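For reference, the structure is listed below as structure tokens.
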Amino acid sequence: MHLRFAGDPLPDHEGEHGSATGLTAYRIVQEALTNVMKHAGDDATAWVTLTVHPASVVVEVVDDGGGAAAGTRAPGSAVEQGHGLRGMAERVDMLGGSLVTGPDPRGGFRVVATLPRLGPEATRPIEVSR
């Protein structure tokens, strides 16, 4: 696996304590790498790139495995519609971001999530008045 950071470092309030954006980025990388291990093949390599922009964070995970690019998967199959990809989509949607997943044109599989930068207050519970 290869890891690359680009852009400006996260400020302290978005760093180790986590924000909704940071936690979602972490879970996307975790799930995408789990999928690489499960589906890309034993010799696959993964590249993770985290790019921090002033208003967004882009998470990209690409692998060169044969599992997704080999064409052995039919549209709508269990791998394509698995819980992992659905869970990523739900997490990204809750933040108002975007997610693109699918075979990479160079071979392998690609996951790209664009997440808005939200502060730590976005992870606090919502008070419900009765």
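The values are calculated or read from the model by the stated rules, or taken from the named source; none is laboratory data. Quick caveat: nothing in here was measured; it's all calculated off a predicted structure. A quick note on method: Cβ atoms are made from the backbone with ideal geometry, for glycine too, and the neighbour counts reach across all protein chains shown.
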- Counting only residues in the range 21-30 that are crowded, with 17+ Cβ neighbours inside 10 Å and free of Cβ contacts under 8 Å to residues at least 60 places away in the same chain, the one farthest from TRP47 (Cα to Cα) is identified as GLY22
- Query: Can you tell me how many residues in the range 82-108 are within 19 Å of ASP43 (Cα to Cα) and either in a helix (DSSP H, G or I) or in contact (Cβ under 8 Å) with a residue 60 or more places away in the chain (or both)?
  - Reply: 1
- Message: Quick check on this structure: which one of VAL79, VAL111 is within 22 Å of MET1 (Cα to Cα), outside any helix (DSSP H, G or I) and modelled with pLDDT under 90?
- Response: VAL79
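Among the candidates ASP64, ASP104, ASP93, which residue alone is at pLDDT 90 or above, surrounded by 18 or more Cβ atoms within 10 Å (Cβ to Cβ) and not basic (Lys, Arg)? Let's see the steps before the verdict.
Numbers: ASP104 fails: surrounded by 18 or more Cβ atoms within 10 Å (Cβ to Cβ); ASP93 fails: surrounded by 18 or more Cβ atoms within 10 Å (Cβ to Cβ).
Going through ASP64, ASP104, ASP93 in turn, just one is at pLDDT 90 or above, surrounded by 18 or more Cβ atoms within 10 Å (Cβ to Cβ) and not basic (Lys, Arg): ASP64.
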